Amino acid sequence: YTILSKVHSDRNVYPSAGVLFVHVLEREYFKGEFPPYPKPGEISNDPITFNTNLMGYPDRPGWLRYIQRTPYSDGVLYGSPTVENVGKPTIIEITAYNRRTFETARHNLIINIMSAEDFPLPYQAEFFIRNMNVEEMLASEVLGDFLGAVKNVWQPERLNAINITSALDRGGRVPLPINDMKEGVYVMVGADVPFSSCLREVENPQNQLRCSQEMEPVITCDKKFRTQFHIDWCKISLVDNTKQVSTFQEVIRGEGILPDGGEYKPPSDTLKSRDYYSDFLITLAVPSAIALVLFLILAYIMCCRREGVEKRNMQTPDIQLVHHSAIQKSTKELRDMSKNREIAWPLSTLPVFHPVTGEIVPPLHTDSYDNTSMPLMQTQQNLPHQTQIPQQQSAGQY
């Protein structure tokens with residue numbers, strides 16, 4: 001395939017700082033730049049994906065997000081511009097990929113961030129909607145319905161959507177693909193009037209207790225959202241920017257505060273040479289000398305202090321020597337006698353099978369034989385059916 005690239009003309013958008021910005025990348029807008037479907041008469045429905053990045057950089061600005069569920073759905077750029085980027089054009093390079101023909105089409109989106117006169121809105125509330133995904137909430141009609149419901153509850157003069165964030169970006173888990181479960185979305189809105197009594201009901205001790213027990217709090221205005229939006233009231237966040245708390249605290253010196261030690265003086269770059277001779281004597285020479293002394297003492301005790309057999313016999317009484325000699329002599333005679341005597345093998349050691357033929361050896365006696373007077377151990381000469389164990393023959397005799 002030949003990969004072609006076509007560039008559209010630049011598009012300019014003018015979002016306001018602190019207000020939700022949504023830009024839809026429509027697949028139909030790019031289909032005309034790609035060749036028609038190979039079969040005539042069929043509607044072109046090529047899979048198209050988009051890649052967005054800040055010009056000269058591999059990714060988008062920190063405030064700008066992008067989402068596209070499938071190659072057959074539109075992509076959406078959304079986010080809340082910051083005040084720091086006011087007056088600075090942000091050029092986003094958009095590249096569309098046709099996954100069938102491997103062709104690309106590019107165009108630039110120039111975001112000119114404008115300053116909002118009524119920004120920042122002092123009262124901000126963030127809702128968590130459980131039955132919506134972020135791309136569903138970004139649709140203009142759905143977002144308009146939600147802002148209408150909030151306006152009926154809050155009754156402000158100015159109401160703006162500030163930001164939308166997927167629950168997955170807040171550390172949420174991917175939902176199971178059962179019962180059409182949604183991942184959830186956080187929607188932050190701002191108004192110019194204080195929070196209504198309905199929104200303040202979440203801060204009641206009874207509702208706080210129910211939330212701590214993972215129970216649904218009782219909110220009177222929940223029915224105005226329940227028809228289309230399932231709001232988790234335990235996760236609602238109310239921020240009042242009119243009550244600015246000063247973070248500067250004067251340091252009071254006292255216990256726990258170290259006195260001022262002046263300027264830090266680092267050590268010199270040039271290090272003095274150190275003599276390690278004393279360390280060597282302490283770690284090696286002294287233990288070696290102690291081990292050598294202990295070795296000499298042990299050698300003197302083991303080799304030079306032996307009394308010997310003659311000195312032992314001289315210090316032993318004669319009667320003990322006679323008894324010891326008699327015991328040794330008797331033991332030697334018993335061992336010689338045990339070597340010379342011939343004792344038949346016990347019955348328990350006789351083979352059950354003939355060692356040559358492998359036949360079963362018949363029993364020594366019949367079942368009716370009286371063996372009450374038979375000794376437990378019989379000699380080989382008394383056994384009528386004793387099997388002769390073959391003796392080892394010298395080499396060459398068979």
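The values are calculated or read from the model by the stated rules, or taken from the named source; none is laboratory data. Remember, it's a predicted structure, so these values are computed and weren't measured experimentally. Virtual Cβ from ideal backbone geometry, glycine too; neighbours counted across all protein chains shown. Just so you know, the surface numbers come from the protein's heavy atoms only, side chains and all, with ligands and any DNA or RNA stripped out. Shrake-Rupley method; radii C 1.70, N 1.55, O 1.52, S 1.80 Å.
Hey, among 150, 202, 185, which residue is modelled with pLDDT under 90, surrounded by 17 or more Cβ atoms within 10 Å (Cβ to Cβ) and within 19 Å of residue 234 (Cβ to Cβ)?
On the way: 150 fails: modelled with pLDDT under 90; 185 fails: modelled with pLDDT under 90.
Matching residue, one of 150, 202, 185: 202.
Out of 116, 139, 125, one residue alone is modelled with pLDDT under 90, of a type in the set (Gly, Ala, Ser) and buried (at least 17 other Cβ atoms within 10 Å of the Cβ). It is 116.
Out of the strands (runs of 3 or more DSSP E) lying entirely within the stretch 10-79, which hold 3 or more residues that are of a type in the set (Val, Ile, Thr) and not assigned by the TED database to the domain that holds residue 163? It would help to see each step written out before you state the result.
Values: elements: 11-13, 21-25, 48-54, 64-67, 75-79.
Fully inside the stretch 10-79 and qualifying: 48-54.
Yes/no matrix, rows are residues, columns are (1) farther than 20 Å from residue 142 by Cα; (2) touching a residue at least 60 places away in the same chain (Cβ under 8 Å); (3) open to solvent by less than 50 Å² (accessible area, probe 1.4 Å):
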{"position": "179", "(1), (2), (3)": "yes, no, no"}
{"position": "195", "(1), (2), (3)": "yes, yes, yes"}
{"position": "217", "(1), (2), (3)": "yes, no, yes"}
{"position": "235", "(1), (2), (3)": "yes, yes, no"}
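The residues of the stretch 55-70 that are within 14 Å of residue 89 (Cα to Cα), open to solvent by 40 Å² or more (accessible area, probe 1.4 Å) and out of contact with any Asp or Glu (no Cβ under 7 Å at 6 or more places or on another chain), listed by number, are 56, 60.
Would you say residue 126 is in the same structural domain as residue 187 (by the TED database) and outside any strand (DSSP E or B)? Judged against the criteria, residue 126 is not a match. Selection over the stretch 80-101 of residues that are of a type in the set (D, E, K, R) and part of a strand (DSSP E or B) gives a count of 1. If you check 73, 44 for being surrounded by fewer than 19 Cβ atoms within 10 Å (Cβ to Cβ), closer than 23 Å to residue 139 by Cβ and not hydrophobic (A, V, I, L, M, F, W, C), only one passes: 73.
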